[in-house]
């Protein structure tokens, strides 16, 4: 028997296309009609069948025909396609298809044959996507405010790779702004402390965390008291460079606790030193996208002592949907944050076919202007702008049995990522961060995320895999192993599990296209729920158990099913960066 292609939905999409080709050849359908909007997907109600297509609904209007009549003609063709037992027209022209049980057994074999590669595809056609995520200021260790975006970005990068894209994982280091000067001054204070000076309370406005102490101690050991009383101009650049370097080591170490590693760390300071903002400005002026003008007065302000009109270089942001044109330089000639960010996106767009930024909710106000900038920078001279998406990630509220968690002493004013991972583990943190859409608020309750119950998605999915592995081990003790040759013994209730598992490749492609890795977590929860429900069925009916010792062939067939469900769960967890538990 010929192995079924790994993506069952793609296979039947092909059958639909072939049926439409036959209608065109017979003159029943005009040629050349766009089929881009045609779908092949599970019907909302499983009782209606296994697959549904809107082909007749999509093509009827451009074909100047009745959609139900076209659906009837298409259904006749589909009934002759391999694997389709029935094709029925529903409503105004949808076609619901029911597959032969052999098609689902073939899909089960396909899962086994593909193994770890099941779900992977060439959907992305090798296009390069730059995913920028975390990009926290290099002023201290990672905290839980960074965690959610870090996990979403990393899971998205892995998801895109699974869907056939090349991916650049990038961290943009904001090391050129005033916050790194504050960092340097904070380290200098700790440096004086390391030299024996009583510094008293940390002044407001400086970073208070103890994590700066080792950096200061290293500087004291290297330079002694040389800079203790020296003017700031003598030590600021040195202390800034050393402090940023130390913070980046700390950040990389913290991210590694979550299994996160970036391909590229891009420095804002290096970007500016290389003249990239000037190059971006020159390019924009050459394309009449930057002009010298005066900003409108802030609301409620008039030209007086509170506000004075100043001529600034303005980017024509309103041409691309923004509310107003935006300055790229300040009145003193230095770059605005937007000007530097524009240059950074100009640089990274040159090395990728598409861009994705993962931002915290505090950056939501700058979305329009950066989208406008990328559209301008990549869409000039008649080019199609490169795809660019910004995912806004809401904050995480940390709780313990419903009560807010106190701040970390080491950090000074926040809970560190390292502390959280140390308490509940990498896998719990990663999976939990993907159990809600990023734009939704999230509570992370230390008690709930380790709870062994159906209400805890982390446990529920991990337990599914652990239960599958335990079943296989228990059967092995009885001398029974999975047998693909026996799967004709599988019944409708067992094949229903295959029908759900077979959606995995489609979920991967859809999640990659939408840039939404949480869809994989949602799918895994649904698959785990179905698996656990089938397990519980065996509690009431022993003949439905996965292991029926008096029927070794049936057991071998069911074990093969269990192994493949475990494989799909394992593949999904791998995309999320979560280990598949062998036992719980």
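The values are calculated or read from the model by the stated rules, or taken from the named source; none is laboratory data. Note that the coordinates shown come from a computational prediction; the quantities given were computed from them, not determined experimentally. Cβ: placed from backbone, ideal geometry, glycine included. Neighbour counts: every protein chain shown.
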Being surrounded by 17 or more Cβ atoms within 10 Å (Cβ to Cβ), touching a helix residue (DSSP H, G or I) at 6+ places or on another chain (Cβ under 7 Å) and under 30 Å from residue 126 (Cβ atoms) is true for just one of 521, 475, 468. Which residue is that?
521
Hits in the range 39-65 (condition: part of a loop (DSSP other than H, G, I, E, B) and in contact with a strand residue (DSSP E or B) (Cβ under 7 Å, 6 or more places away or on another chain))
39, 42, 43, 49, 50, 54
Going through the range 83-95 in order, the residues found to be surrounded by 14 or more Cβ atoms within 10 Å (Cβ to Cβ) and either out of contact with any strand residue (DSSP E or B) (no Cβ under 9 Å at 6 or more places or on another chain) or outside the structural domain of residue 36 (by TED's automatic domain parsing) (or both) are 93
Tell me whether the range 473-492 contains one or more residues that are under 19 Å from residue 584 (Cβ atoms), under 25 Å from the mean Cα position of the chain (by Cα), at pLDDT 95 or above and not assigned by TED's automatic domain parsing to the domain that holds residue 41.
no
Selection status of residue 513, more than 24 Å from residue 99 (Cβ to Cβ), surrounded by fewer than 15 Cβ atoms within 10 Å (Cβ to Cβ) and in contact (Cβ under 8 Å) with a residue 12 or more places away in the chain
yes
How many residues, within the range 143-171, are within 30 Å of residue 208 (Cβ to Cβ) and assigned to a helix (DSSP H, G or I)?
11
How many residues are touching a helix residue (DSSP H, G or I) at 6+ places or on another chain (Cβ under 7 Å) and either buried (at least 19 other Cβ atoms within 10 Å of the Cβ) or assigned to a loop (DSSP other than H, G, I, E, B) (or both) when one looks only at the range 251-260?
5
Is at least one residue of the range 265-286 within 21 Å of the chain's Cα centre (by Cα) and either at pLDDT 95 or above or not in a helix (DSSP H, G or I) (or both)?
yes
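Yes or no, residue by residue, for (1) surrounded by fewer than 16 Cβ atoms within 10 Å (Cβ to Cβ); (2) outside the structural domain of residue 486 (by TED's automatic domain parsing); (3) assigned to a loop (DSSP other than H, G, I, E, B):
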residue	(1), (2), (3)
533	yes, no, no
539	yes, no, no
543	yes, no, no
546	no, no, yes
549	yes, no, yes
554	no, no, no
561	no, no, no
566	no, no, no
572	no, no, no
Among residues of the range 88-112 being out of contact with any helix residue (DSSP H, G or I) (no Cβ under 6 Å at 6 or more places or on another chain) and outside any helix (DSSP H, G or I), the residue farthest from residue 506 (Cα to Cα) is 91
Hand me the list of strands (runs of 3 or more DSSP E) wholly inside the range 376-456 holding 1 or more residues that are touching a strand residue (DSSP E or B) at 6+ places or on another chain (Cβ under 7 Å) and over 25 Å from residue 128 (Cα atoms).
396-400, 442-445
Reported set for the range 113-142 where residues are crowded, with 22+ Cβ neighbours inside 10 Å and part of a strand (DSSP E or B) is 129, 130, 131, 132
Going through the range 187-218 one residue at a time, which ones are in a helix (DSSP H, G or I) and within 21 Å of residue 253 (Cα to Cα)?
187, 210, 211, 212, 213, 214, 215, 216, 217, 218
Is it the case, given these coordinates, that residue 68 is in a helix (DSSP H, G or I) and surrounded by fewer than 21 Cβ atoms within 10 Å (Cβ to Cβ)?
yes
For the range 205-255, how many residues are free of Cβ contacts under 8 Å to residues at least 40 places away in the same chain and touching a strand residue (DSSP E or B) at 6+ places or on another chain (Cβ under 9 Å)?
1
Pairs only if they're at least six apart or on different chains, beta carbon under 9 angstrom, first in the range 350-368 and without any contact (Cβ under 8 Å) to a residue 60 or more places away in the chain, second assigned to a strand (DSSP E or B) and surrounded by fewer than 17 Cβ atoms within 10 Å (Cβ to Cβ); list them, first residue then second.
361/392; 363/392; 364/392; 367/392
Does the range 306-321 contain any residue that is under 34 Å from the mean Cα position of the chain (by Cα), within 22 Å of residue 176 (Cα to Cα), in a strand (DSSP E or B) and free of Cβ contacts under 8 Å to residues at least 40 places away in the same chain?
yes
